[in-house]
Amino acid sequence: MKQNTHTSAQLTLALNVSEKANFDNFHHGDNFELITAIQSCIKSSESRVLYFYGPSGAGKSHLLFSAMRLAKDEEIKSSYLSLADSRVSPEFLKELESQHIICVDNVNEWAGDDLKEATLFTMFEQIKHSGGHLLVSADKLPELCGFKLVDLVSRLASGLVYPLLELTDKQQAEAVKMRAVERGLVMTDEVVNYLLSRSSRNTGELFAILDKIDRASLIEKRKVTIPFLRSIVSS
């Protein structure tokens, strides 16, 4: 398979980001059925399509990276691409091997473009006929994404379709604590609540703040207190 330099860099970046992503460090919240369906899809011997949707920052990319981690553990070939990355072109999709598992993130980003939609449809058909699996994430249901190609909408909706439900306040606090423990950070309920009260519900942004706290606490060798957290969040 040929890849240009930009696309190779994009895929390498995605794999680097995914190194820590797995199903164990994803707070399931009320998404147990979706998680189970993704895991079953990876291990299935039959060609499957699974489409899930949710708001930005809900953890869609994390789930796709987790799927790839499971595929690797099962010694199954997989690949990932985000259609939100301008460097991923229709030409690249045409050259993409119909590997066993293809993870397509942010599929809604290509809605409304005739060439891109036609390329997605062709890729779907190739994966289906080669017996592969397609895991797709988007921000809305297939019929609400703005696709013009009716057959593409039909194909995307032909398999399992799940919403990715946002975490409740309690579940989000639990997720932050889980990620903090993973980094060796000790955060009291008071500190966690302070962080959540001054952050968005975007889990990606929250965990980026945790990374920042982790680095700063190591450098300054300080406990994670509210005054310390205040200096990090405001910096």
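Within the assembled protein chains, the solvent-accessible surface assigned to I35 is about 0 Å², based on a 1.4 Å probe. The structure shown yields percent of Cα pairs over 26 Å apart, and of the options (i) 52; (ii) 61; (iii) 42 that calculated value carries the label (iii).
Report in % the part of the accessible area of the chain that belongs to carbon and sulfur, leaving out ligands and nucleic acids; probe 1.4 Å.
Reported share for carbon and sulfur atoms: 52 percent.
In this structure E91 has an accessible area near 100 Å², from a 1.4 Å probe over the protein heavy atoms.
Using a 1.4 angstrom probe on the protein heavy atoms only, line up D24, D139 by accessible area, largest first.
Values: D24 135, D139 65 Å².
Descending accessible area places them as D24, D139.
Of the trypsin sites (Lys or Arg not before Pro) found in the stretch 55-86, those that fall in a DSSP loop while having at most 15 other beta-carbon atoms within 10 Å are K77. Between 0 and 90 degrees, the angle of helix 169-182 with respect to the longest Cα principal axis of the chain falls at about 80 degrees. When the GluC sites (Glu not before Pro) in the stretch 153-186 are filtered for DSSP coil states and for at most 11 other beta-carbon atoms within 10 Å of their beta-carbon, no site remains.
Solvent exposure of the chain amounts to 51 Å² per residue of accessible area, where only protein heavy atoms count and the probe is 1.4 Å.
Accessible surface comparison of E109, E95, E75, E117, probe 1.4 Å, protein chains only, largest first: the order is E75, E109, E95, E117. Specify the angular offset, from 0 to 90 degrees and rounded to the nearest 10, of the alpha carbon long axis of helix 60-73 from the longest principal axis of the alpha carbons in the chain. Helix 60-73 sits roughly 70 degrees off the main axis of the chain.
The values are calculated or read from the model by the stated rules, or taken from the named source; none is laboratory data. Treat the numbers as computed from the prediction; the structure is a model and nothing was measured. Methodologically, a virtual Cβ is constructed for each residue, glycine included, from the backbone with ideal geometry; neighbour enumeration extends over all protein chains shown. These accessible areas exclude ligands, DNA and RNA; they are computed on the full protein's heavy atoms, side chains included. Shrake-Rupley method; radii C 1.70, N 1.55, O 1.52, S 1.80 Å.
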